[in-house]
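Heads up, the thing below is written out as structure tokens.
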Amino acid sequence: MKSEEFRKIGIDYINFIADYFDNIESYPVKSNIKPGDIYSKLDKELPESGINADGFLKEFEEIIMPGITHWQSPNFFAYFPSNNSFESILGELLTSAVGVQGMIWETSPAAAELEEHVMKLLGKAIGLPETFTGVIQDTASTAALCAVLTAREKKTKFESNKKGYSSNRYRAYCSQEAHSSIEKAVKIAGIGSENMIKIPVNDDFSINISAFKLAVENDVKNGFIPLFAVAALGTTGSTAVDSIREVAAVCRKYNIFLHVDAALAGSAMLLPEKRHFLEGIESADSFVFNPHKWLFTNFDCSAYYVKDKSLLIRTFEIMPEYLKTANDDLVNNYRDWGIQLGRRFRSLKLWYVLRGFGLEGLRKIIRQHIDLANQFASKINKETDFELLAPVNFNTVCFRFAPKGHESEFDKLNAKILADVNSSGKIYITHTKLNGQYTLRFVVGVLRTEETHCNNAYNLIREIAYKCISKEIEGKI
Ligand SMILES: *Cc1c(COP(=O)(O)O)cnc(C)c1O
């Protein structure tokens, strides 16, 4: 393609994107396509000669779009959000235009310096102590793996990097509600999933500190070596918050590396009224949150902060001759701050979001999402046939339909509500299990979600719930 053609077609793409957002509510939120439907419509052979890119947009609309679940829809209340914004899309566009590979400072000084700068400003904006240094990772899962590997190298004085890793006496700890990526990281790092100790939770689904202490003490008594712990600032199930201060006190006593996982809720630390959840953070070793979740920055962009950057760098450092440069002592070479060598230029989109919205602009949207979740929860609370199943700390409401006389089939009933609500195409919600009970989750976190979307969603869920029991009653007659 020549630049003249790109210029011409490119305009159509920008218009297509703007139209998509203008009309996003006309699509079914969750794609209801059957497995294989998309595949069957795709060209089965690659063309020998290139085809005109003119047709790609039409094909995207006709073949790809039906298989898209609309994460940017204001009626998306599932999982946790994965937001973008026009500011972020413009940043991504320029990132793809310059197409840089930012493995070291020299391969694009602007990528390295902007990343350093943005991470400093972002850390300050969410109230992290200035002792923390940030680096952008692809995901919170990768950040957790970086944290476990750093903990392992710190404990073995960098010997396991050199000689390989053989001990099966190390232990890692997190609550039963912590994210699956923690166990995955512990497995990959060679600690072993049997050494991943899942600590019971309190009624509010936060880690039970006495149980944590006891588990560590027992492990020490039995010759195990406590290595790594995670405090969740907003679990994925119900956004429960572990007390960082209390977890950190145990970690300090037993010399355990403490990672704080705030993948979603880190964004809410922009709000002074939520900052108390960070209490004790100065004692943590690392902290992660995902601007690609609730900070309107295209996937992927995960902000990973560490207290001692030299530990991180020593864990990952490699120095082949061909990567040595004259400036190595003066600049950040991010290839040594994580797993992969090649790195995307991700800071640009985040830079545009932070300045495009402004901190007060971001606070306003996040605060509104939290208010809307609380409104939803207080309506549930007033119903006789619905119940809340967890505290609403941020933007996530955990609830179920629990009408009298149907106690034995609550799980089945709520699973049916979920299926019917989602197949309506009008909204998308997902579920979890809390205390073994089937739980519906309503998460308010998409940039464009307003009060009317939440009200309509509430009415739809309620209507479908009652339909589910009247149908059953009919069936029984
Ligand atoms: C979403 C989430 C993760 C995983 O995030 P990725 O960036 O997809 O790896 C980890 N922890 C928590 C608490 C999460 O909510």
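Given the rule -39500 (n - 2.57) for each run of at least 4 DSSP H residues, summed and divided by the residues of the chain, what is its mean residue ellipticity at 222 nm, to the nearest 500 deg cm²/dmol?
On the way: 16 runs with 200 residues, N = 477.
When only DSSP H runs of four or more count, the value is -13000 deg cm²/dmol.
Counting Lys and Arg as +1 and Asp and Glu as -1, what is the net charge of the other residues whose Cβ lies under 11 Å from the Cβ of His259?
Values: positive: Lys307; negative: Asp261, Asp285.
Neighbour charge sum, excluding His259 itself: -1.
Hey, got the dipole for segment 58-139? About the Cα centre, +1 on K and R Cβ, -1 on D and E Cβ, debye to the nearest 20?
Numbers: 3 positive and 11 negative charges, 50 e Å.
Dipole about the Cα centre, nearest 20: 240 debye.
Need one number: % antiparallel among DSSP beta bridges in the chain, to the nearest 5.
On the way: 23 of 40 bridges.
Antiparallel bridges make up about 60 percent of those DSSP assigns within the chain.
Less than 17 Å apart at the alpha-carbon level, and either on another chain or at least 8 residues along: which aspartates and glutamates does that give for Lys184?
The qualifying aspartates and glutamates are Asp138, Glu194, Asp261.
What part of the accessible area of segment 157-299, given as a whole %, is carbon or sulfur when the probe is 1.4 angstrom?
On the way: 2640 of 5590 Å².
Accessible surface attributable to carbon and sulfur in segment 157-299 totals 47 percent.
At 1.4 Å probe size, with the rest of the protein present, what percent of the exposed accessible area of segment 352-397 is carbon and sulfur atoms?
Numbers: 1010 of 2060 Å².
Carbon and sulfur together cover 49 percent of it.
Using mean Cβ contacts within 10 Å as the protection proxy, how do 414-422, 14-22 order, highest first? Can you show the working numbers first?
Details: 414-422: 18.9, 14-22: 12.2.
In decreasing order of mean packing, 414-422, 14-22 become 414-422, 14-22.
When ligands, DNA and RNA are left out and all protein chains stay put, how many square angstrom of accessible area per residue does the chain have with a 1.4 Å probe?
Normalised by residue count, the accessible surface of the chain is 47 Å².
Highest mean first, how do 354-361, 424-431 rank when packing is the count of other Cβ atoms within 10 Å averaged over residues?
Details: 354-361: 14.6, 424-431: 19.1.
Ranking, from highest mean packing down: 424-431, 354-361.
Where a Cα-Cα gap under 16 Å defines reach, which aspartates and glutamates qualify for Lys324, not counting those fewer than 8 residues away within the same chain?
Excluding near neighbours in sequence, the set is Glu106, Asp336.
Report the net charge of residues surrounding Ile380, where surrounding means a beta-carbon distance below 11 angstrom and charges are Lys +1, Arg +1, Asp -1, Glu -1. Walk me through the numbers on the way to the answer.
Details: positive: Lys379, Lys382, Arg400, Arg462; negative: Glu383, Asp385, Glu387.
Local charge sum for Ile380: +1.
About the Cα centre of the chain, what is the dipole size in debye to 20, counting +1 per Lys and Arg Cβ and -1 per Asp and Glu Cβ, all else neutral? List each step's numbers first, then the result.
Values: 56 positive and 59 negative charges, 259 e Å.
Charge dipole of the chain: 1240 debye, to the nearest 20.
Pairs Lys293/Lys349; Lys293/Lys433; Lys155/Lys187; Lys155/Lys253; Lys124/Lys274: which exceed 20 Å Cα-Cα? Before the final figure, lay out each step's value.
Values: Lys293/Lys349 14 Å; Lys293/Lys433 22 Å; Lys155/Lys187 17 Å; Lys155/Lys253 15 Å; Lys124/Lys274 15 Å.
Pairs exceeding 20 Å: Lys293/Lys433.
How many percent of the accessible area of segment 28-122 is carbon or sulfur, using a 1.4 Å probe?
Values: 3300 of 5450 Å².
The C+S portion of the solvent-accessible surface of segment 28-122 is 61 percent.
Count the net charge of all other residues whose Cβ sits under 9 Å from the Cβ of Glu130, scoring Lys and Arg as +1 and Asp and Glu as -1.
Working: positive: Lys120, Lys124; negative: none.
Charge balance in the 9 Å sphere: +2.
Is the shape of the chain rounded, prolate or oblate, going by the alpha carbon gyration tensor and its root eigenvalues a ≥ b ≥ c, with a/c under 1.5 for rounded and a/b larger than b/c for prolate?
On the way: a/c = 1.78, a/b = 1.09, b/c = 1.63.
Oblate shape, in that a/c is at least 1.5 and b/c is the bigger or equal ratio.
Which order, highest average first, do 277-290, 334-347 follow once you tally other Cβ atoms within 10 Å for each residue and take the mean per peptide? Let's see the in-between values first.
Details: 277-290: 23.1, 334-347: 20.2.
Top to bottom by mean Cβ count within 10 Å: 277-290, 334-347.
The values are calculated or read from the model by the stated rules, or taken from the named source; none is laboratory data. Bear in mind the structure is a predicted one, so any value in this text is a computation, not a measurement. Cβ: placed from backbone, ideal geometry, glycine included. Neighbour counts: every protein chain shown. These area figures cover heavy atoms from the full protein model, side chains too; ligands, DNA and RNA do not enter into them. Shrake-Rupley method; radii C 1.70, N 1.55, O 1.52, S 1.80 Å.
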